[in-house]
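Scroll down for the structure; my scribbles are underneath it.
Since every read-out is calculated from the coordinates, none of them should be taken as a lab result. If you're wondering where the values come from, they're calculated on a predicted model, not measured in any experiment.
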């Protein structure tokens, strides 16, 4: 599982020109799911890292606060292209990305576990849809959180 996390001042996602989700200060989290993510233990590890990683400034402008500390919001967007392999040629290979049926189950499991892990506002895009994501990056601060667990 791979998360591309962007610290944002605000963000929204549209499907068919309609806003389906929006957040204020917090994270846009692009969630990539690989073929090895069937083990639900991975959710707990990744979610704890996401909620506790310190990416927000304190009073001394040091990056010392988590999203929990600042009571931020999270927008989760499914994104299979995070597992695009560009080692050969000019067209990415997506063989490491989970198949749609498996990815949907893992995505829904991840969201359920995330929502039950925090009282923060959690919004989502639409799985397997073409989405327009708009955000105002804060910093910019971007980080990749990645973890694999054998099934």
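Between 95, 118, 86, find the one with the highest GNM mean-square fluctuation for the chain; connect C-alpha pairs within less than 10 Å.
Sorting by GNM fluctuation, first place goes to 86.
Over the chain, with a Gaussian network built from C-alpha contacts below 10 Å, which listed residue (17, 129, 98) shows the highest mean-square fluctuation?
Judging by the Gaussian network model, the answer is 17.
Considering only DSSP beta bridges whose two residues both sit in the stretch 1-84, what percent are antiparallel, to the nearest 5?
Of the beta bridges lying entirely in the stretch 1-84, close to 70 percent run antiparallel.
GNM on the chain, C-alpha springs below 10 Å: top fluctuator among 123, 60, 73?
Most flexible of the set in this elastic network: 60.
Take every DSSP beta bridge with both residues inside the chain and express the antiparallel ones as a percent of the total, to the nearest 5.
Beta bridges within the chain, antiparallel portion: roughly 75 percent.
If I compute Rg/Rh (Cα atoms, Kirkwood Rh) from the structure I just sent, which labelled value in (i) 0.96; (ii) 1.00; (iii) 0.93 lines up?
Computing Rg/Rh (Cα atoms, Kirkwood Rh) and matching it to (i) 0.96; (ii) 1.00; (iii) 0.93 gives (i).
Using only Cα atoms, tell me the angle between helix 41-52 and the longest principal axis of the chain; keep it within 0 to 90° and round to the nearest 10.
Roughly 30 degrees between the two axes.
What is the Cα centroid distance between the stretch 74-101 and the stretch 1-63, reported in whole angstrom?
17
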